[in-house]
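Here the structure is laid out as structure tokens; the discussion comes afterwards.
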Amino acid sequence: MPIQYNPNKGQVLMCDFSEGFKEPEMVKERAVIVFKSSGRSKLVTVIPLSSVAPNPKQNHHMVVPNMELPNTAWFKNRDSWLKGYMVYTVGWHRLSLVRMGKSTGRRNYYTGRLSLPMLKELDKCVLNGIGLGRLEKYT
């Protein structure tokens, strides 16, 4: 079910890239980190997460330890990689909360966010990814 509110920076969500994109663009459901919420426009800038480590690792890649992520099968027992050059702005209709299962008959969803040190690294990673690494010293 799509989100109905502005998510916070660093929040982990699921994004459906399956419609309207063509390969080599992303074309599947993927976990993402919120980079910027645009307020009333119902647009959110996100950075996708990948379970595949980059080879070689560059300054626009960042490991996100599994302890920073929801405890679900999607993230269990492995770190994820943020690829700061893959910046997308998508509508709320593509985004949903990460499902955490059920308890007492009700669905539970993950609403946590990355820690502050991880958010600072996220900013640096994205700056490098979009070719503005020289601004890293201002973050």
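Derivation of every value follows stated rules applied to the coordinates shown; laboratory data play no part. Please read all numbers here as calculations on a predicted model, not as lab measurements. Here Cβ is always computed from backbone atoms with ideal geometry, including for glycine, and neighbour counts include all displayed protein chains.
Okay, here's what the table says:
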{"quantity": "K57-E29 FRET efficiency (beta carbon distance; Förster radius 35 Å; 0.05 resolution)", "calculated": "0.90"}
{"quantity": "Helix axis angle, 116-129 relative to the chain longest principal axis, alpha carbon, degrees", "calculated": "60"}
{"quantity": "Net lengthening on full extension, M1/L116 (0.36 nm per residue, minus Cα-Cα)", "calculated": "38.6 nm"}
{"quantity": "Net lengthening on full extension, R78/F21 (0.36 nm per residue, minus Cα-Cα)", "calculated": "17.8 nm"}
